[in-house]
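Where a number appears in this text, it was derived from the coordinates with a stated rule and is not lab data. Since we're looking at a predicted model, the values are computed, not measured. Note that we place each Cβ from the backbone using ideal geometry, even for glycine, and neighbour counts take in every protein chain shown.
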Amino acid sequence: MSPTDMTGAARMFADRMATRRSVREFSPDPVPEAVIEAAVRAAATAPSGANLQPWRFVVVTDPARKRRLREAAEAEEREFYSHRAPAEWLETIAPIGTDWRKPFLETAPVVIVVFEVHQGPHSPKPYYVKESVGIAVGVLIAALHHAGLATLTHTPSPMRFLNEVCERPAEERPYLVMPVGHPAADAHVPDLARKPLSEVMVRR
């Protein structure tokens, strides 16, 4: 590939990703299972410490399980927002308009729960787990956006209830919850500005 083609491809991808926004109101319309599988396959190509690939992607589509997930998450979030959340945090997220209510966990057609895989009976000791899983999630978000789907990265606190809801062993630790689907027709997306390149990139 020539330098011109490389630059064009990089700019095209950057422009495409610049259109990505987090969504909190989802349409219940189904999404093709093959799209989710391809996106997870892309995420699983991410680099990882010692190539141990310490991730698990639990794809939740069953309505009853999504309801359990929402109920458990809202119980934890209600406690967090009422008693544990620092005032600075609440002030920072005020423009986004989020609170303990998480209907998207039930309305989104797909919810992907990402787990870190730690040492256990059937898994060796991993290295750089959070870094590895974080990179994989970034690839997953990009792949789903490229396919025309919206996502949200949700991190209820604490998250251990996800092991029970998703029937995962103790050596798998919840990393985040990601609703996936099409935005609802009346979805409200805050007009949040991104920092310019001059503020995030430094040349030396």
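In order along region 80-93, the Karplus-derived 3J(HN,Hα) couplings, from 6.51 cos²θ - 1.76 cosθ + 1.60 at θ = phi - 60°, round to 5, 5, 7, 10, 9, 5, x, 4, 4, 5, 4, 5, 5, 8 Hz, and Gly and Pro are given as x. Sum up the charges of everything whose Cβ sits under 13 Å from the Cβ of A9, counting Lys and Arg as +1 and Asp and Glu as -1, but leave A9 out. Net of charged neighbours comes to 0. Note on the chain: with a GNM built from Cα contacts shorter than 10 Å, the maximum mean-square fluctuation among P190, P63, P179 falls on P190. When peptides 138-148, 4-14 are sorted by average Cβ neighbour count within 10 Å, with the highest value leading, the order is 138-148, 4-14.
Where in the chain are the DSSP H helices whose alpha-carbon span along the long axis reaches 18 Å or more and whose Kyte-Doolittle mean is at least -1.0?
3-18, 129-146
Inter-part distance, region 28-51 to region 72-122, computed on C-alpha centroids, equals 22 Å.
Computed over the Cα atoms of the chain, what is the convex hull's projected area averaged over all directions, in nm²?
Averaging across all directions leaves 14.3 nm² for the Cα convex hull.
Remark on Y175: its backbone amide H falls under 5 Å from those of V114, F115, E116, a criterion applied only to residues 5 or more positions apart or on other chains, H modelled at 1.01 Å from N.
Each principal axis of the Cα cloud of region 143-188 was evaluated for its coordinate range; sorted largest first, these ranges are 38, 21, 14 Å.
For trypsin sites (Lys or Arg not before Pro), the sites in region 76-170 that DSSP calls loop and that have at most 15 other Cβ atoms within 10 Å are R101, R160. Taking W89, W55, W100 as the candidate residues, the one with maximal mean-square fluctuation in a Gaussian network model of the chain, Cα springs under 10 Å, is W89.
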